[in-house]
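The values are calculated or read from the model by the stated rules, or taken from the named source; none is laboratory data. Worth saying up front: this structure is predicted, and the values here are computed from it rather than measured. Please note: Cβ atoms are built from the backbone with ideal geometry, for glycine as well, and neighbour counts cover all protein chains shown.
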């Protein structure tokens, strides 16, 4: 396993950090309060090349490898405190662009990828349903072929980017006799007959990333809206999740590093009982634990990047990285608040927002419980 | 076949005495998306082969008979 970085990769990370600090953080406390998505930040990230990083040049991307992409996303998480914006970008990159790249037809790639990589269009991914969360075999949304049309009926929920999206990757059951293997992926454009987006869903954190339901009522799609093979939806979905689990958390890794530095700085400068609070073991130990979590998370994440670069299977590694990073991020947020005492509890210090944002990581892209189930299954348990 | 049957029954349908060879495991929800990970891991470890992404199709996993045929195909040199 080779986890060394080239000077070019490190320079790119540095550029992304510099860009994010300068362009993406203004007015964040207010935006979070108002649950406002920053289209301006989105456009700036697209112009910076973030959305298209690992995608081929002919489809509007930069053709970066996995390791470079993860390093850049880590830099974005380090420099940008707007985790909602980062989450929205990641949701599009890994669960919309990547499945279209890997499973789409040439026409789908030509139509969607340049617009998505360039930030012109926004994409959303709809899998979860009111009655089907972790259990994808229980999908109630159906797709029936009628003449030259697919007819979709059902509801998707917790769809990140839904209120602002132009194109959606969604999953429906086309053959119930095949169980979860009868699920099929589709690409749906805003304005398709019989399709509408519900009202935005309020949530605890990631407030700058909008979320809503998708409703399909005899929604008519052309036959070429199929994404991948009929019945191949589980493969499309699983592939997206493996990418998302790794790359989305790269940004959390960057945020963990930023938060650790904030805590070291605070513990060095804040004095109580005539000494810096970092001189008290109870405070220092918390910071040490944050550092250990950061470094173990980094190793797991870059091992995953290395495996994906080598084209290997990474089911268990993606699950381990997702579980460890998301749980570590939550615990480090709690520690950061505790180290800052009363200040940590205030909105002004922006640590409480980090905690609210971090908790989502234990739920999206497969809950911590599901990650443990996947790891157990891979161990033959 | 007996070994595969016993594994599937004990792991996914422990309340039942047996699973018929032609019973549709996917349609009945006996094997779900998480179960397939367990089943593939068991087959790979027990019969010494590696399943590819392309192998994960209903034609290979819908019934015990199909799983048996799939394992036999994978074990052929």
In this structure, does residue A:242 turn out to be outside the structural domain of residue A:180 (by TED's automatic domain parsing) and touching a residue at least 24 places away in the same chain (Cβ under 8 Å)? yes
Restrict the check to segment A:179-199 and report whether at least one residue is over 19 Å from residue A:154 (Cβ atoms), touching a residue at least 12 places away in the same chain (Cβ under 8 Å) and not in a strand (DSSP E or B). no
Whether any residue in segment A:96-110 is without any contact (Cβ under 8 Å) to a residue 24 or more places away in the chain and within 14 Å of chain B (Cβ to nearest Cβ) is what I want to check. no
Yes or no: residue B:65 assigned to a helix (DSSP H, G or I), surrounded by fewer than 17 Cβ atoms within 10 Å (Cβ to Cβ), away from chain A (no Cβ under 14 Å) and in contact (Cβ under 8 Å) with a residue 40 or more places away in the chain? yes
Checking residue B:46 against (1) surrounded by fewer than 17 Cβ atoms within 10 Å (Cβ to Cβ); (2) not in a helix (DSSP H, G or I): exactly one of these is not met. Which one? (2)
Matching helices (runs of 4 or more DSSP H) fully within segment A:283-381 where at least 3 residues are away from chain B (no Cβ under 14 Å) and within 16 Å of the chain's Cα centre (by Cα): A:315-344, A:351-360
Among the listed residues A:272, A:338, identify the single one that is without any contact (Cβ under 8 Å) to a residue 12 or more places away in the chain and over 28 Å from residue A:71 (Cα atoms). A:272
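Every residue, every condition in (1) more than 29 Å from residue A:311 (Cα to Cα); (2) at the interface with chain A (Cβ under 9 Å from one of its Cβ atoms); (3) at pLDDT below 85; (4) under 13 Å from the mean Cα position of the chain (by Cα), yes or no:
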{"residue": "B:3", "(1), (2), (3), (4)": "yes, no, no, yes"}
{"residue": "B:8", "(1), (2), (3), (4)": "yes, no, no, yes"}
{"residue": "B:15", "(1), (2), (3), (4)": "yes, no, no, no"}
{"residue": "B:20", "(1), (2), (3), (4)": "yes, no, no, yes"}
{"residue": "B:37", "(1), (2), (3), (4)": "no, yes, yes, yes"}
{"residue": "B:42", "(1), (2), (3), (4)": "no, yes, no, yes"}
{"residue": "B:47", "(1), (2), (3), (4)": "no, no, no, yes"}
{"residue": "B:57", "(1), (2), (3), (4)": "no, yes, no, yes"}
{"residue": "B:73", "(1), (2), (3), (4)": "no, no, no, no"}
Might you let me know whether segment A:223-233 holds any residue that is within 14 Å of chain B (Cβ to nearest Cβ) and part of a helix (DSSP H, G or I)? yes
Identify, from the list A:183, A:188, the residue that is surrounded by 18 or more Cβ atoms within 10 Å (Cβ to Cβ) and within 30 Å of residue A:309 (Cα to Cα). A:183
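Listed here are the residues, each with its yes/no results for (1) more than 14 Å from chain B (Cβ to nearest Cβ); (2) modelled with pLDDT under 95.
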site	(1), (2)
A:130	yes, yes
A:142	yes, no
A:159	yes, no
A:164	yes, no
A:170	yes, no
A:182	no, yes
A:190	yes, no
A:193	yes, no
Can you tell me how many residues in segment A:284-325 are touching a helix residue (DSSP H, G or I) at 6+ places or on another chain (Cβ under 8 Å) and closer than 25 Å to residue A:265 by Cβ? 13
